[in-house]
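The values are calculated or read from the model by the stated rules, or taken from the named source; none is laboratory data. Remember, predicted model here, so these are calculated numbers, not experimental data. All Cβ positions, glycine included, derive from the backbone under ideal geometry; neighbour counts span all protein chains shown.
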Amino acid sequence: MDCPACKRPVIVPQPVLDNGTSIGGFQIERRLGAGGMGEVFLARQLSMDRQVALKILPAHFAQNQTAKERFQSEVKNLARIQHGNIVTAIEAGEDTGVHFLAMTFVDGEDLHKRLDREKLIDEREALGIVRKVADTLRTVWEEYHILHRDIKPSNIMLDKRGDPKVMDLGLSKNLADNMSLTMTGAALGTPHYISPEQALNRTTIDFRSDIYSLGATLYHLTTGTLPYNGSSVAAIMIQHVNEPLPLPKERNPLLSDACSCLIETMMAKLPEHRHSSWSALIEDLDRVLAGLPPLTARPGPGQSVVGGMPTGFIHAKNVGREKRLMKPVSESVVPRWIIYAGIACLIFILLALIFALQRISNRKGRVPNVVAATELSGWPAAAENQGMRDVVAAEPMAGSQPRAAKQMAERKSAGLGCRHCQTGKILAGKHGRPCPQKACHR
């Protein structure tokens, strides 16, 4: 809304959503978690006295037109879909600036929490869960032309009977609406399960993108590991686009060959190498459950990388506070010329260090020639100029200047020096202190 005084847009603080807070006829009981576009609370519908899942659009999203459109899209898509394995929309609206969506509450546990507890799920059970989810997404695609775009374990809830429910259509897109809700510069989807075409921010994606994400989910369920992992969102997406798929059977040797082959096909880099329809995938799932190999051929050697896919840009947004634009990469993320340049720089630095050490060593070994500083009138200053402060100089070096020898002889004949000075040693010091030897009295 706009400030009534300055007419500038301001964000109205959202009411504190504590236990007991009422929003649009729903009383909040506790927080359940966060979805793609908001927080989810367990609430009670006061008029019907039943528990519901209440999704609340955060205040900072409520001021964003694109976010509001996406939230409204989820409301519309849920209202369209009638399927036993998808949560049902109950009511949506806005109360004192708070946008909410009430949905059927599923009393159970999502697959992500179960993986945290059990590490992996038995192959046959995992195939059965994925088969029901695939049938649900087939209905969503064929009857409503809707893409989920964020299939992952945390968005698949198992109820008390073990029946899967597909959750969170916050990133779903109805292609029949002919409107794009894709944020500019953002790759939608969860990085660990995102399809290569989503990572590349392609605008022309279809149901095969959901097949890839469901394949990544099956990979995680049956092997207990993520297909790709990395230190950042961008690093993970790059692997989805360019890195060959680590074979599921290598991660879990107990996995059947048929299941491993099925996952490889579902997670093919190019959409045309995946199943041609949801029905084809379901048929292969049934075959693997029956102990038979899938009919759809898995990608051949070298086809599990994006080599044939035109390169684009990989967008990574909201990586913590990081917002980066990643350029497409080839098989090597770092260009070769950068590696060669780095090696050359290291060699140059090493040579410069050796040269500097040699110069320091030469300076330490140099003996100053201070014999010429033996004149009575000038030796203290001369000695100081030669760096001989508070130090007794060494014997005169071989090859000393004739003039110095002459001066020493003159001092000796005049009786000006002590016996130490007459042997060739000179006094040193900033202020010309007398010779420390007791035999010297001059």
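Residues checked against (1) assigned to a helix (DSSP H, G or I); (2) surrounded by fewer than 19 Cβ atoms within 10 Å (Cβ to Cβ):
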position: 113; (1), (2): yes, yes
position: 116; (1), (2): yes, yes
position: 120; (1), (2): no, yes
position: 125; (1), (2): yes, yes
position: 130; (1), (2): yes, no
position: 133; (1), (2): yes, no
position: 151; (1), (2): no, no
position: 157; (1), (2): no, no
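Of the numbered conditions (1) buried (at least 16 other Cβ atoms within 10 Å of the Cβ); (2) touching a residue at least 60 places away in the same chain (Cβ under 8 Å); (3) not in a loop (DSSP other than H, G, I, E, B), residue 202 fails exactly one; give the number of that condition.
Unmet for residue 202, out of (1) buried (at least 16 other Cβ atoms within 10 Å of the Cβ); (2) touching a residue at least 60 places away in the same chain (Cβ under 8 Å); (3) not in a loop (DSSP other than H, G, I, E, B): (3).
Working only within the stretch 218-246, note down all residues that are closer than 24 Å to residue 296 by Cβ and in contact with a strand residue (DSSP E or B) (Cβ under 7 Å, 6 or more places away or on another chain).
Passing the criteria: only 241.
State yes or no: is residue 82 part of a loop (DSSP other than H, G, I, E, B) and at pLDDT 80 or above?
Against the criterion (part of a loop (DSSP other than H, G, I, E, B) and at pLDDT 80 or above), residue 82 qualifies.
Which residue out of 74, 91 is surrounded by fewer than 20 Cβ atoms within 10 Å (Cβ to Cβ), in contact (Cβ under 8 Å) with a residue 60 or more places away in the chain and outside the structural domain of residue 166 (by TED's automatic domain parsing)?
The unique qualifying residue is 91.
Which ones in the stretch 39-65 are touching a Leu at 6+ places or on another chain (Cβ under 7 Å) and either farther than 17 Å from residue 107 by Cα or outside any strand (DSSP E or B) (or both)?
The one that is touching a Leu at 6+ places or on another chain (Cβ under 7 Å) and either farther than 17 Å from residue 107 by Cα or outside any strand (DSSP E or B) (or both): 56.
Looking at (1) within 23 Å of the chain's Cα centre (by Cα); (2) assigned to a helix (DSSP H, G or I), which one does residue 193 not meet, given that it meets all the others?
Every condition holds for residue 193 apart from (2).
Farther than 26 Å from residue 276 by Cβ and not in a helix (DSSP H, G or I): does that describe residue 102?
yes
Run residue 27 past the list (1) surrounded by fewer than 16 Cβ atoms within 10 Å (Cβ to Cβ); (2) part of a loop (DSSP other than H, G, I, E, B) and report the number of the one that doesn't hold.
Exception for residue 27: condition (2).
Of all residues in the stretch 229-273, which are among the aliphatic types (A, V, I, L, M) and part of a helix (DSSP H, G or I)?
233, 234, 235, 236, 237, 238, 241, 258, 262, 263, 266
For residue 122, work out the one condition from (1) assigned by TED's automatic domain parsing to the domain that holds residue 21; (2) without any contact (Cβ under 8 Å) to a residue 40 or more places away in the chain it doesn't fulfil.
Of everything listed in (1) assigned by TED's automatic domain parsing to the domain that holds residue 21; (2) without any contact (Cβ under 8 Å) to a residue 40 or more places away in the chain, residue 122 misses just condition (1).
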